[in-house]
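Working notes, structure below.
The values are calculated or read from the model by the stated rules, or taken from the named source; none is laboratory data. Values in this document were obtained by computation on a predicted structure and should not be read as measured data. Glycine gets a Cβ as well: all are built from the backbone with ideal geometry, and neighbour counts include every protein chain shown.
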Amino acid sequence: MQCQTREIGELLRRARRQQGISQRRLALRAGTSQDAISRIERGVEAPTLERFAQLMLALGRQTVVQVEPLPGRMPTVELVAGPEQTADERLREGASWNYVASQLAAAGARARRDGHPATRGLS
């Protein structure tokens, strides 16, 4: 399933409401503004994966990314933007994803260390 900006906003809204907190309270927990939360929930703004994961962490949720094969046979060269990447470009792209993963792990570790309420019951 392809995630659209509106669907991401709906995931955030549903998780927030299940926790019974307001947009303002989530914004305070996540260190952002109520307006930013509203824009994401309405599908006006598409958060980065890192920002979405931080918002979910503030709601006591873990973000899991899942990759599935496309239906049917499609030539991947036509689907990939810039298939003529050099080895250096591919290495930089891989490193950027590694950086995101390490930042998420560090943020989670800090939150657990500091006893953030969203990390209760996590080891």
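Among residues belonging to the stretch 67-123 that are closer than 27 Å to L26 by Cα, of a type in the set (S, T, Y) and at pLDDT below 80, point out the one that is surrounded by the fewest Cβ atoms within 10 Å (Cβ to Cβ). Out of the qualifying residues, it is S123. Filter the stretch 29-47 down to the residues that are small (G, A, S) and under 26 Å from D114 (Cβ atoms), then identify the one that is surrounded by the fewest Cβ atoms within 10 Å (Cβ to Cβ). The residue in question is G31. Evaluated against (1) of a type outside the set (A, V, I, L, M, F, W, C); (2) at pLDDT below 95; (3) loosely packed, with under 13 Cβ neighbours inside 10 Å, E50 falls short on exactly one condition, (3).
The set of residues in the stretch 7-16 that are surrounded by fewer than 13 Cβ atoms within 10 Å (Cβ to Cβ) and more than 14 Å from the chain's Cα centre (by Cα) contains only R14.
Note down all Cβ pairs under 9 Å where the first residue falls in the stretch 95-115 and is part of a helix (DSSP H, G or I), the second is loosely packed, with under 10 Cβ neighbours inside 10 Å and β-branched (V, I, T), and they're at least six residues apart or on different chains. Partner pairs satisfying both residue conditions: V100/T48. Scanning the stretch 1-30 for residues that are without any contact (Cβ under 8 Å) to a residue 12 or more places away in the chain, under 19 Å from A111 (Cα atoms) and not hydrophobic (A, V, I, L, M, F, W, C) yields one hit, R25.
Does A58 meet the test of being over 23 Å from A105 (Cα atoms) and among the hydrophobic types (A, V, I, L, M, F, W, C)? No; evaluated as a whole, the condition is false for this residue. Among the residues of the stretch 24-44, count how many are part of a loop (DSSP other than H, G, I, E, B) and under 14 Å from R13 (Cα atoms). Number satisfying all stated conditions: 3.
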